[in-house]
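Worksheet: the structure to be examined is printed underneath.
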Amino acid sequence: MARSSVSLSAPEHSWFTPKRLLVIFCVINLLNYVDRGAIASNGVNGSLGTCTSSGTCTSGSGIQGEFNLNNFEDGLLSSAFMVGLLVASPIFASLAKSINPFRLIGVGLSVWTLATTGCGFSFNFWSITICRMFVGVGEASFISLAAPFIDDNAPVTQKTAWLAIFYMCIPTGYALGYVYGGLVGTHLSWRFAFWVEAIVMLPFAILGFIMKPLQLKGFAPAESKKALLSIDTGVPDAQEALNAKGSAKSMKENFSHMFSRMKCASINLNQFSRFMKDMKALLCDKVYVVNVLGYCAYNFVIGAYSYWGPKAGYNIYNMSDADMIFGGITIVCGILGTLAGGYVLDFMSSTISNAFKGPVNYISLHCVSPSLRPLSMAISTVSIHLFGDVPSSPLVGVLQDHVNNWRETALILTSILFLAAGIWFIGIFLHSVDRFYEDNEGQFIEVDRSNTAPLLEPKVAEGIESSADQL
């Protein structure tokens, strides 16, 4: 008698514990936003050269001075990397269903490192614009996938607090970027600011490739998928080993090759169809749509201030140390507001209705099923940039070129926050369901049915055995 078995085992325990994962992702997120803050600082962004009526001229400084950019072109630099991010975010989120998400983050961080290095070697407006676009491509993988990883592994009673800590790195990174860019740009050169960033990010890019892959909630391990596929096609390796005649084995090999070719030919169509189905589910979710609309209006204002703030402060209040002051205000208010929102929501009970009063990213993660979370975060990210800070920085530049009054420009920009508050206020009264613990929609056969234990804890490999007695 002969017996064959097929083992469907979950991935082995990763080096990452939940707390280590949180720390690493926070550092990466911090570096991403240090880069955004640095390019907005007076030290890196600089200013145009000026000439007085008496004929005394001063040379320009930083990127704007070296490349002779007007305010509109300067504003486009803030938005340039968003082009790559807008295109790449949904692509990375969709690929997460067939490729290990942590490997995708490794690829993205590698692109980010190379593109940031290129920014330091740019020689005109278009060269630095193209490099900023690729910085956006690199950031897209991390933005879409990091939050779901953290949400999977945070303690149940502290999920919003952990997400608040992660998103706290946004204002902190911006603030440090203002200070960092001001110091490096003033004492060395604006180009060194980008080169140092790339060096610091390089170890994290390498880490994404050498560490044991991680799995997201709602996605099957690659090993399990392969094993299930071999069962479904009816050509398991154990059965091939029992074939005594070469002709029978050859027929089975031909059948396997033919099946593989057919599968490869249809994989693109299947992925596109799945992507459209997921998009329809998101757009039909009223809670998700209202949340993202409010976020767009909010990000329109915050995105413009994050780029033009130091320069506006310098011109309105004649602050010689605008980078330092604006950075300090950003880091204090950003940290207090973000942490307070997370801890207050945990105290109130983490419901979607309550989240409209606090952390909006909690809504994007919990109003959809687990398998849609990467796409939910990706579309949210694309939307808030496409309708938020992508157009806001150039438009504010055009407005300032027209009115030539930073105080008036800032007043007009701030009034848009009333729109964001009104939209989110509507969201409080919408019927909502927390779908975090929903079962997956039949996308794969689950190896481990536990939906509550963090995926990064050690697990005992489980197997499914099939036996056949032959006389």
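The values are calculated or read from the model by the stated rules, or taken from the named source; none is laboratory data. Quantities reported herein were computed from a predicted structural model and do not represent experimental measurements. Here the Cβ is made from the backbone with ideal geometry for all residues, glycine too, and neighbour counts use every protein chain on show. Surface accessibility is based on the protein's heavy atoms, side chains included, excluding ligands, DNA and RNA. Shrake-Rupley method; radii C 1.70, N 1.55, O 1.52, S 1.80 Å.
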Solvent-accessible area, 1.4 Å probe, carbon plus sulfur percent, for the range 149-206: 80 percent
Length released on extending from PHE121 to LEU188, taking residue separation times 0.36 nm less the Cα-Cα span: 22.6 nm
Difference of contour (0.36 nm per residue) and Cα-Cα distance, VAL27 to LEU114: 29.5 nm
Across LYS19/LYS286; LYS19/LYS311; LYS19/LYS280; LYS159/LYS286; LYS19/LYS97, pairs whose alpha-carbon gap is larger than 28 Å: LYS19/LYS286; LYS19/LYS311; LYS19/LYS280
Gain on full stretching of the segment that runs from ILE91 to LEU336 - 0.36 nm per residue minus C-alpha separation: 84.8 nm
Inter-label distance for ASN405 and LYS280, nm, one decimal - labels placed 7 Å from Cα along Cα-to-Cβ: 5.2 nm
Protection-proxy order for peptides 27-35, 310-318, 95-103, each taking the mean of Cβ atoms within 10 Å per residue, highest first: 27-35, 95-103, 310-318
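Sorted by mean Cβ packing within 10 Å, highest first, what order do the peptides 384-396, 134-146 take?
By packing density, highest mean first, the sequence is 134-146, 384-396.
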Whole-angstrom gap from the range 122-136 to the range 53-100, using each part's C-alpha centre: 7 Å
Positive minus negative residues near TYR174 (Lys, Arg vs Asp, Glu; Cβ under 15 Å): -3
Rg to Rh, two decimals, where the range 355-427 supplies the alpha carbon set and Rh follows Kirkwood: 1.10
